[in-house]
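Asker: Next up is a structure, given as structure tokens.
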Amino acid sequence: MPLLSNPNRVSSRSAPTRPPVMVQLKAVSKVYSNRIPCLKHVNLTLRRGDFLFVIGPSGTGKSTLLKLLYGAEQATTGQVKVAGVDVGALRGDRLAKFRRKVGIVFQDYKLIPNRTVADNVAFVLQAQGRRQREIQRRLLPTLKMVGLDHRAEALPSQLSGGEQQRVSIARAIVSTPPLLLADEPTGNLDFENATQILRTLQNLNGYGATVIVTTHDRQLAMLSSQPVMELRQGQLQPLRGPTTHPPGYEQNLSGVANTPPSRTNSQGLSANTAKTLG
Ligand SMILES: Nc1ncnc2c1ncn2[C@@H]1O[C@H](COP(=O)(O)OP(=O)(O)OP(=O)(O)O)[C@@H](O)[C@H]1O
Ligand SMILES: [Mg+2]
């Protein structure tokens with residue numbers, strides 16, 4: 001009997017299915033009104049559970065790349081898809097609904113000035129229609145994760161720049177989103193806080209979230225064990241793939257890659273995160 005006629009054997013020999021594509025940029029170019037091309041024909045595919053650092057000097061288009069992914073800017077040409085959704089085609093309510101499912105750390109934080117730290121973070125969960133009990137269950141552990149549980153009642157104006165940045169990170173991760181876009185999340189932090197934040201982002205990634213982190217800090221990115229791409233003259237070039245780093249490299253960032261996941265993050269990531277963004 002030929003091997004292929006036995007359905008059991010076929011299924012046991014079939015290749016493992018790859019995670020669904022979460023982020024796809026196809027031939028994306030972006031030219032702002034000054035007519036200087038910012039991104040040129042960029043292609044990128046990330047699957048569920050991928051982690052990517054995008055590095056590059058100031059003004060190379062890192063924020064622009066993320067803005068295209070959360071629909072704050074539109075590609076001049078090419079296509080931007082997140083979990084199969086054509087982000088560039090979303091407008092109004094559909095765009096707002098889409099964004100509520102993406103964790104975004106804005107480079108300029110975008111905190112609500114007249115709300116406390118706790119309210120700024122809880123606001124995301126309220127907008128998602130979560131129950132008060134769940135909001136309370138998530139809030140404090142998330143603030144603890146970024147080292148701000150003792151400042152829950154402070155207003156943003158009463159915080160340092162680095163503390164405000166950590167509030168914006170807490171707000172982005174509190175709902176354990178399937179996609180996290182972090183624009184210079186460590187730009188205002190000392191090394192110790194920066195590595196702690198990277199650990200937190202990698203914990204989220206450990207639960208299946210796709211994570212993109214931009215930074216101009218090449219050293220910090222290279223200290224981690226994650227893939228790194230560089231934006232240079234409008235093009236995205238791989239600096240380090242997922243498997244090219246030497247053995248033991250993870251230890252350089254004192255356990256960034258190996259921190260045990262926190263219990264807070266064990267909620268909210270569905271088995272098929274791609275569906276949750278649709
Ligand atoms: N709204 C805009 N209108 C016109 N030009 C813009 C706009 N936003 C960005 N640019 C230009 O696009 C280029 C890339 O900007 P972008 O903010 O993406 O860079 P970046 O890599 O994030 O820089 P940084 O590290 O300083 O945050 C810059 O030259 C910038 O001046
Ligand atoms: Mg930027």
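Just so it is clear, none of the values below were taken in a lab; they were calculated from the coordinates. Model, not experiment: these values are computed from the prediction. Because the Cβ atoms are built from the backbone with ideal geometry, glycine has one as well, and the counts that use them run over all protein chains shown.
Asker: Along the Cα-to-Cβ line of Ile36, 7 Å from the Cα, sits a label point; which residues in the stretch 50-66 have backbone N less than 14 Å from it?
Answerer: From the stretch 50-66, the list is 57-62.
Asker: Another one. For Glu134 and Glu153 in one chain, what is 0.36 nm times their gap in residues minus the Cα-Cα distance, to one decimal in nm?
Answerer: My answer for the length gained is 4.9 nm.
Asker: Within 10 Å, count the other beta carbons around each residue, average over each peptide in 171-179, 93-101, and list them highest first. Spell out each step's value before the answer.
Answerer: Numbers: 171-179: 25.4, 93-101: 13.9.
The most tightly packed comes first, giving 171-179, 93-101.
Asker: Along the Cα-to-C-beta direction of Arg47, a point sits 7 Å from the Cα; which residues of the stretch 210-232 have their amide N less than 16 Å from that point?
Answerer: 210-211, 227
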